[in-house]
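A quick write-up on the structure given underneath.
The values are calculated or read from the model by the stated rules, or taken from the named source; none is laboratory data. In this text, all values refer to a predicted model and were calculated from it rather than measured experimentally. Cβ: placed from backbone, ideal geometry, glycine included. Neighbour counts: every protein chain shown. These accessible areas exclude ligands, DNA and RNA; they are computed on the full protein's heavy atoms, side chains included. Shrake-Rupley method; radii C 1.70, N 1.55, O 1.52, S 1.80 Å.
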Amino acid sequence: MATALVIENDPTDDVRRLGEWLTEAGLDLSVTRPYAGDELPPDLAGHAALVVLGGDQQAYPGSDGSPGAPWFPAVEGLLRKAVRHRTPTLGVCLGAQLLATAHAGTVERSPSGPEVGPAVVGRRDAAETDLLFRYVPLIPDVLQWHADEITELPVGATLLAASTRYPNQAFRLGDRAWGLQFHIECDTAMIAEWANDSALLAELGYDPQLVIAACDAVLVDIEEVWQPFAARFAALALGELDDSGSRRSLPLLGH
């Protein structure tokens, strides 16, 4: 069985539903938790894919020049190796930001303020020929929970989804690495944990219970869009997608 290396950057943002979708599609997961002292491998030997999750840290250095977390330079090194060797890669929220900074993109505190709760993004024309995004609807539901923004994509990146306040919502580097500024992995329990101890909600003046309820209401719609997306990512890692994006074995549910 092919194995994906999953890097959890924060104990409150584990692989959750995304992990269930990937394993249901046949991909084994090797979860590494550097915040708990797990060592990151020097390379991706033995792994068919890389998934980097979110967290409360910043992808950019602090005022003293130190990284947002001690292990971020190693994560960025793995992300560069993944893109160079065409290893299927998925970065979610902070993971997408690290994918950008690893390739000389820019991430900073957003001048537009925090973005929290259910939202939609708009698929760009370039998504029409993308291996994963070509089956994503034009205006898919997502969950947002961030105050930082990818203000400049790496040179050569392909923008796949955007929104008015945060233009760089999803992008691809090379032909096998994707970054999603938004969250697709959350369930209600995860959102509740974030909401009940959230400086972002306090800054925005949002009622935590209303945010939890609003997020819970769109989880079915998010699964309808992003479970097939995750299954296609797993199929790519398993060698079951050709360059046109066609599945070599049985078609995915709904396609």
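Observations
- Solvent-accessible heavy-atom area per residue, rounded to whole Å², over region 1-93 at 1.4 Å: 43 Å²
- Nonpolar atom fraction for the chain, defined as the carbon and sulfur part of the 1.4 Å probe accessible area, stands at 51 percent.
- Note: relative contact order over region 125-195, using C-alpha pairs below 8 Å and six or more positions apart, is 25 percent.
- Derived value for region 13-77: Kirkwood hydrodynamic radius 13.5 Å. Basis is the mean of 1/r over every pair of different alpha-carbon atoms.
- Computed over region 44-181: relative contact order in percent, which uses C-alpha pairs under 8 Å that are six or more apart: 27 percent
- Springs join every pair of Cα atoms under 10 Å in this Gaussian network model of the chain, and among 50, 78, 40 the largest mean-square fluctuation is at 40.
- Above 26 Å, the calculated P(r) of the chain contains 34 percent of its Cα-Cα pairs.
- Ordering 227, 150, 178 by Cα displacement along the dipole of region 133-238 toward the positive end leaves 178 in first place; charges were set at the Cβ atoms of Lys, Arg (+1) and Asp, Glu (-1).
- Taking region 163-205 and a reference point 7 angstrom along Cα→Cβ of residue 129, the backbone N atoms nearer than 16 Å belong to 172-176.
- Using a probe of 1.4 angstrom and keeping all protein chains present, the accessible surface of region 110-221 works out to 42 square angstrom per residue.
- Length-normalised contact order of the chain in % [C-alpha pairs under 8 Å, at least 6 apart]: 20 percent
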